[in-house]
Amino acid sequence: MTAAWLSDVADRTAAAGLHRAPIARRSGATEVNLASNDYLGLSTHPDVIAGAHAAIDEWGTGSTSSRLVVGTVQAHIDFEDDVARFLGTDAALMFSSGYLANVGAVTALAGRGDLIVSDTGAHASLIDGCRLSRARVVVVDRGDHEAVRRALAERNEERALVVTDSVYSIDGRLAPLRELYAATRATGATLLVDEAHAIGVRGPGGRGLVAECGLSGAPDLVVTGVCSKSLGAQGGLVAGSTLLRAHLIDHARTFIFDTGVNPAAVGAAHAALRVLVADPGLPDRLLANARRVAAAIGADEPDSAVVSLIVGDPVAAVAAAQECRDRGVLVGCFRPPSVPDGTSRLRLTMRADIDDATIDTVAAVVRDALAGARIGAA
Ligand code: PMP
């Protein structure tokens, strides 16, 4: 019975061109990888690898329990202190992933009887946090800060939380953070900003869009982030006041009931942060590279590492991505339900550690692949 039901769903998914499969990267592969979130190329940086090794040598391969039992080692604390210093907040707390940081922060900050205002660009982890919170959730169009303000002003609930990505993950565009923060300040609400795609990318020295907007350390502002993108490691972050950190330790279930993130990830992320602090021009190189490839493939000028090129038809988008792969260029391919119907796209995630000649070769491959896929789909 179960098998029949599952195979029906599989058939329908495949017929819609929406079947997915993880593809293993080969060890020592030589492709140009523009599908990853390794924006600064730090996942293979010698200092970052050495940071992971040193942490394993000192603390072992696992953190061995929840952070609240014996799973916290000094490496966690030292990293959290440096993250807070980097982001200009009083404190920070590390989770096992960005996904868990968002779910934990949202559910710890809003519950039954509260209001959450989210938007149509919010990452799945924020959406899942909203669902798990049991708060009333209002979803507005992405970027519509007036609608956010209205929802906050018209609420009956005393407590309200607004959640948003600062750089939207699908197309790399920027949220109106200043306006959103003003709306929350005017109405006594809290703003939670997911800087997953902004840290290491936007703001002074890669300190994020919050810093770029002059909001570092602002009251009632919660910043979440990831170690899995520009820092090339793994783990999630929540940064804000010391009271916030203490509250999350007491109430964030994804912190309390999850094994502490492993020392190697902490050591790698910390080393990556040091590389970024020592080379604050890295984000500028990344953005210049993103703009170069976008211009060459006819995509709109990007605001971040994400270069999004709408193909439309999901089958054509998959065919174009496959053709790029066959020619040694890995690019992302987004289809419904990750994006609205009719907006399937190639998504190139640029990196800082790539030269102009390689970017130009990539652009030629993408242009050819798109031309071929569109003819095939016509
Ligand atoms: N927030 C955003 C905006 C993301 O894009 C992602 C990762 N895709 C996450 C959170 C989750 O982070 P992680 O992969 O570290 O769990």
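The values are calculated or read from the model by the stated rules, or taken from the named source; none is laboratory data. Everything quoted here is computed from the prediction, not taken from an experiment. All Cβ positions, even for glycine, are placed from backbone atoms using ideal geometry, and neighbour counts span all protein chains on display.
Some points to look at:
- Filtering the range 225-258 to residues that are part of a loop (DSSP other than H, G, I, E, B) and of a type in the set (D, E, K, R) leaves Lys229, Asp258.
- Pick from the range 354-378, criterion at pLDDT 95 or above and in a loop (DSSP other than H, G, I, E, B), ranking: surrounded by the most Cβ atoms within 10 Å (Cβ to Cβ): Ile354
- Subset tally (residues that are under 20 Å from Ser241 (Cβ atoms), away from the ligand (no atom under 12 Å from the Cβ) and either touching a Gly at 6+ places or on another chain (Cβ under 7 Å) or assigned to a loop (DSSP other than H, G, I, E, B) (or both)) for the range 158-194: 5
- Just one residue in the set Gly98, Gly113, Gly62 is over 24 Å from Val193 (Cβ atoms) and assigned by TED's automatic domain parsing to the domain that holds Tyr181; that residue is Gly62.
- So Val266, is it within 28 Å of Ile170 (Cβ to Cβ), among the aliphatic types (A, V, I, L, M) and in contact with a strand residue (DSSP E or B) (Cβ under 9 Å, 6 or more places away or on another chain): no
- Pairs with Cβ under 6 Å, 6+ apart, first in the range 6-27 and among the small types (Gly, Ala, Ser), second assigned to a helix (DSSP H, G or I): Gly17/Pro314; Gly17/Val315
- The condition of being of a type outside the set (A, V, I, L, M) and at pLDDT below 95 holds for only one of Glu31, Glu80, Glu58, that being Glu31.
- Note on the range 101-133: among residues that are in a loop (DSSP other than H, G, I, E, B) and within 17 Å of Ser166 (Cβ to Cβ), the one that is nearest to the ligand (Cβ to nearest atom) is His123.
- Per-region count, the range 195-207, residues over 12 Å from the mean Cα position of the chain (by Cα), part of a loop (DSSP other than H, G, I, E, B) and under 12 Å from Phe86 (Cα atoms): 2
- Taken over the range 267-311, the criterion of being closer than 20 Å to Phe334 by Cβ and charged (D, E, K, R) is satisfied by Asp300, Glu301, Asp303.
- Test: Asp194 is within 22 Å of Val140 (Cα to Cα) and buried (at least 23 other Cβ atoms within 10 Å of the Cβ): yes
- Here Val261, Val222 are screened, and the one residue that is within 24 Å of Asp128 (Cβ to Cβ), among the hydrophobic types (A, V, I, L, M, F, W, C), part of a loop (DSSP other than H, G, I, E, B) and within 16 Å of the ligand (Cβ to nearest atom) is Val261.
- Any hit, the range 259-281, residues being among the polar types (S, T, N, Q), assigned by TED's automatic domain parsing to the domain that holds Ala175 and closer than 30 Å to Val103 by Cα: yes
- Of all the listed residues (His251, His247, His270), the sole one being more than 13 Å from the ligand (Cβ to nearest atom), closer than 30 Å to Gly62 by Cβ and surrounded by 24 or more Cβ atoms within 10 Å (Cβ to Cβ) is His270.
- Against the criterion of being among the β-branched types (Val, Ile, Thr), surrounded by fewer than 23 Cβ atoms within 10 Å (Cβ to Cβ) and closer than 16 Å to Val106 by Cβ, Thr164 does not qualify.
- Qualifying residue in the range 71-90 (condition: assigned to a loop (DSSP other than H, G, I, E, B) and within 16 Å of the ligand (Cβ to nearest atom)): no
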